[in-house]
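A.B. asks: Quick one: this structure, given as structure tokens, is what I'll be asking you about.
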Amino acid sequence: QWDPHVLENRQAMVHLFEWKYPDVAKECEDFLAPKGYGGVQVSPSSECVAVYQGQVQRPWWERYQPVSYKISSRSGDEGSFRDMVARCNDVGVRIYTDVVLNHMTGDHPAGTPTTGDSYFDSGAESYPGVPYSAFDFNDANCHTASGSIEDYSDAEQVRNCKLSGMKDLNQGKDYVREMIMEYLNRLISYGVAGFRVDASKHMWPGDLEAIFSQLDDLSTDYFPAGTRPFVVFEVIEGEWESIKAIDYAGIGRVTEFKYGRELGHSFRGFNQLKWLRNIGEDWGMLPRHESLVFIDNHDNQRTESNGVLTFRVDKWYKMATAFMLGFPYGFTRVMSSYYWDQYFEGGRDINDWTGPPQDTSFDIISPSFNPDGSCANGWICEHRWREIYNMVAFRNVVHGTDLNDWWDNGNNQIAFCRGNRGFVAINNEGADLKETLQTCLAEGTYCDVISGSKTEAGSCTGKSVQVDSSGYGYIEILNSEYDGALAIHMDSKL
Ligand code: AAO
């Protein structure tokens with residue numbers, strides 16, 4: 001349940017946030033497989049509430065309020081979901097579905113529309129599309145005055161009370177477990193490789209273990225017999241809270257939020273890059289084989305945009321991503337976003353609800369692509385930025401090696417090797433980096449995959465590095481350059 005079941009030479013996944021399933025399928029074929037991405041996290045597929053609340057018209061977050069486990073959302077229906085899974089698997093790209101199992105909807109007036117054909121009555125806690133009724137919820141087990149979580153330091157409340165007022169399912173009940181397992185097994189039968197389990201912190205590890213240990217093995221249409229589903233539990237470990245990410249690591253991987261936050265902190269200049277040498281377990285993070293890491297996710301790119309790095313600070317973002325993809329810690333997830341206009345009031349972006357690019361009938365608009373492969377019409381597609389997809393290839397090439405030959409200037413210029421297969425340098429100093437460094441690579445000329453790419457004809461569209469017979473090469477990253485990193489590897493040899 002820790003293994004993402006990617007192909008051996010594909011060691012990163014991408015979160016195609018709010019993409020439609022036919023677009024994901026096409027992206028697997030046209031871009032992800034050729035560039036070496038191993039898998040895709042897709043937004044929740046279950047039927048959910050369709051939110052129209054004043055200014056807030058079809059926010060992205062409606063998908064975190066399910067009304068049933070039918071596959072029916074703005075990303076597509078059951079048919080398009082199945083087609084996507086098949087087409088991605090056919091080109092060796094895995095699909096991981098975001099699943100919302102902790103709760104159903106918040107309070108909505110009677111007659112509120114859904115993304116499918118199910119009716120629901122939040123007041124009566126009636127969700128006939130599953131079906132769930134009031135008996136299936138945790139109300140009797142929650143003892144706060146409001147019925148919602150009031151104190152995050154109290155694990156009992158966090159798990160038995162409502163998260164943001166949403167009806168909290170009791171996963172301790174056999175019936176609820178059965179409904180959830182039927183849903184997850186259905187997704188498995190279609191060929192998904194695993195799940196991102198939303199709001200896991202708000203469910204008891206024992207209940208999750210009961211559910212996830214009894215699920216079917218993955219479909220033998222695509223995986224060897226006896227393969228267990230990959231599971232990543234979303235747990236945001238709060239410094240002052242009693243619930244720890246490690247509490248969930250015994251049943252699957254866990255999101256390691258500290259990693260992206262620490263990188264944000266470092267690249268923004270609050271901590272010298274030289275300290276990153278041993279980021280990971282030594283910094284109190286999860287064991288690397290149990291953690292999923294990312295620079296930002298769909299939540300904190302909205303709520304912590306002064307802390308974590310996002311596409312809006314692109315130079316730092318690409319440097320931090322290069323570090324993450326170059327560094328041997330955790331299974332890596334690349335975020336792929338869409339653009340929205342921020343508007344801050346009282347320190348909060350009041351537009352943070354804004355949904356994906358959509359037409360006047362609120363249907364999601366497919367991304368379009370510029371001649372250079374980048375996305376247009378509102379989609380950011382960080383995963384299509386050269387500096388990022390070339391570092392995914394780097395990670396694939398160096399997979400199986402550890403870190404060696406770390407160098408730093410005592411401050412914000414760093415470099416390191418991955419075995420004798422790859423070398424990365426990063427300059428976040430207010431000054432040029434001009435050093436002759438050990439690259440650990442065989443003698444030859446290498447194409448820097450950050451400033452350019454190695455072409456099919458074998459030339460380089462960016463800078464190149466000359467490596468001598470003892471592995472040394474002259475490395476230059478000027479402060480004025482567009483990108484603050486440089487990376488070369490075995491396969492970028494010219
Ligand atoms: C919407 C409306 C609400 C309304 C509700 C019901 O916005 O006003 O009441 O509907 O009608 C998303 C949106 C929500 C939305 C919801 C449902 O974000 O705004 O509510 O869909 O439509 C906690 C959870 C974590 C959760 C996160 C957002 O633990 O699981 O909140 N993430 C997932 C999804 C997310 C989704 C849901 C769950 C719900 O990724 O998209 O919500 O399905 C602290 C706590 C964390 C807590 C955060 C944020 O974290 O520790 O547990 O996460 O605060 O509240 C430091 C601290 C750390 C702190 C962090 C804050 O670093 O160390 O402790 O900063 O960023």
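A.B. asks: I'm checking my understanding of the structure. Among residues of the stretch 42-72 that are in a strand (DSSP E or B), in contact (Cβ under 8 Å) with a residue 60 or more places away in the chain and small (Gly, Ala, Ser), which one is farthest from residue 17 (Cα to Cα)?
C.D. replies: 68
A.B. asks: If you check residue 204 against the conditions, is it within 15 Å of the ligand (Cβ to nearest atom) and modelled with pLDDT under 95?
C.D. replies: So residue 204 fails the test.
A.B. asks: Considering the stretch 150-174 alone, what residues qualify as being hydrophobic (A, V, I, L, M, F, W, C), part of a loop (DSSP other than H, G, I, E, B) and under 11 Å from residue 199 (Cβ atoms)?
C.D. replies: Selection gives 163, 166.
A.B. asks: Hey, another quick one. If I filter the stretch 397-430 down to residues being out of contact with any strand residue (DSSP E or B) (no Cβ under 8 Å at 6 or more places or on another chain) and closer than 30 Å to residue 374 by Cα, which single residue comes out as modelled with the highest pLDDT?
C.D. replies: That would be 399.
The rows are residues; the columns are (1) closer than 17 Å to residue 308 by Cβ; (2) at pLDDT 95 or above; (3) touching an Asp or Glu at 6+ places or on another chain (Cβ under 6 Å); (4) more than 16 Å from the ligand (Cβ to nearest atom).
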{"residue": "328", "(1), (2), (3), (4)": "no, yes, yes, yes"}
{"residue": "350", "(1), (2), (3), (4)": "no, yes, no, no"}
{"residue": "364", "(1), (2), (3), (4)": "no, yes, no, yes"}
{"residue": "368", "(1), (2), (3), (4)": "no, yes, no, yes"}
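A.B. asks: Oh, and also: I need a count of the residues in the stretch 197-207 that are within 19 Å of residue 178 (Cβ to Cβ) and surrounded by 22 or more Cβ atoms within 10 Å (Cβ to Cβ).
C.D. replies: 2
A.B. asks: Those residues that are small (Gly, Ala, Ser) and part of a strand (DSSP E or B), I need them from the stretch 73-112; list them, please.
C.D. replies: Within the stretch 73-112, 73, 76 qualify.
A.B. asks: Here's another thing I want to ask about it. Pairs please, first residue from the stretch 144-160 and over 14 Å from residue 205 (Cα atoms), second anywhere and among the hydrophobic types (A, V, I, L, M, F, W, C) and away from the ligand (no atom under 11 Å from the Cβ), Cβ atoms under 6 Å, 6+ apart in sequence or on different chains.
C.D. replies: Within 6 Å, the pairs are 144/161; 148/161; 149/161.
A.B. asks: Could you run through the stretch 215-253 and say how many residues are in contact (Cβ under 8 Å) with a residue 40 or more places away in the chain and within 16 Å of the ligand (Cβ to nearest atom)?
C.D. replies: 13
A.B. asks: So which of 93, 56 ends up being modelled with pLDDT of 95 or more and either crowded, with 22+ Cβ neighbours inside 10 Å or away from the ligand (no atom under 16 Å from the Cβ) (or both)?
C.D. replies: 93
A.B. asks: Any idea which of (1) farther than 23 Å from residue 389 by Cα; (2) of a type outside the set (Gly, Ala, Ser); (3) within 16 Å of the ligand (Cβ to nearest atom); (4) touching a strand residue (DSSP E or B) at 6+ places or on another chain (Cβ under 9 Å) is the one residue 310 doesn't satisfy?
C.D. replies: (1)
A.B. asks: Let me ask something additional. Looking at the stretch 130-141, which of the residues that are in a loop (DSSP other than H, G, I, E, B) and farther than 16 Å from residue 106 by Cα is nearest to the chain's Cα centre (by Cα)?
C.D. replies: Applying the filter and picking the extreme gives 130.
A.B. asks: Working only within the stretch 96-117, note down all residues that are more than 16 Å from the ligand (Cβ to nearest atom) and crowded, with 21+ Cβ neighbours inside 10 Å.
C.D. replies: none
A.B. asks: Criterion first (out of contact with any Leu (no Cβ under 9 Å at 6 or more places or on another chain) and free of Cβ contacts under 8 Å to residues at least 60 places away in the same chain) does residue 138 satisfy it?
C.D. replies: Criteria not met by residue 138.
A.B. asks: Is it fair to say residue 159 is within 13 Å of the ligand (Cβ to nearest atom) and surrounded by 15 or more Cβ atoms within 10 Å (Cβ to Cβ)?
C.D. replies: Criteria met by residue 159.
A.B. asks: Another one. What are the residue pairs meeting all of these: first residue in the stretch 374-388, first residue without any contact (Cβ under 8 Å) to a residue 40 or more places away in the chain, second residue outside any loop (DSSP other than H, G, I, E, B) and surrounded by fewer than 19 Cβ atoms within 10 Å (Cβ to Cβ), Cβ atoms under 9 Å, and 6 or more apart or on different chains?
C.D. replies: Between residues of the stretch 374-388 that are without any contact (Cβ under 8 Å) to a residue 40 or more places away in the chain and residues that are outside any loop (DSSP other than H, G, I, E, B) and surrounded by fewer than 19 Cβ atoms within 10 Å (Cβ to Cβ), the close pairs are 375/369; 376/369.
A.B. asks: In the list 286, 215, 263, which residue meets the criterion of being of a type in the set (A, V, I, L, M) and in contact with a Phe, Trp or Tyr (Cβ under 7 Å, 6 or more places away or on another chain)?
C.D. replies: 263
The values are calculated or read from the model by the stated rules, or taken from the named source; none is laboratory data. Since we're looking at a predicted model, the values are computed, not measured. With ideal geometry, Cβ positions are generated from the backbone for all residues, glycine too; neighbour counts draw on all protein chains shown.
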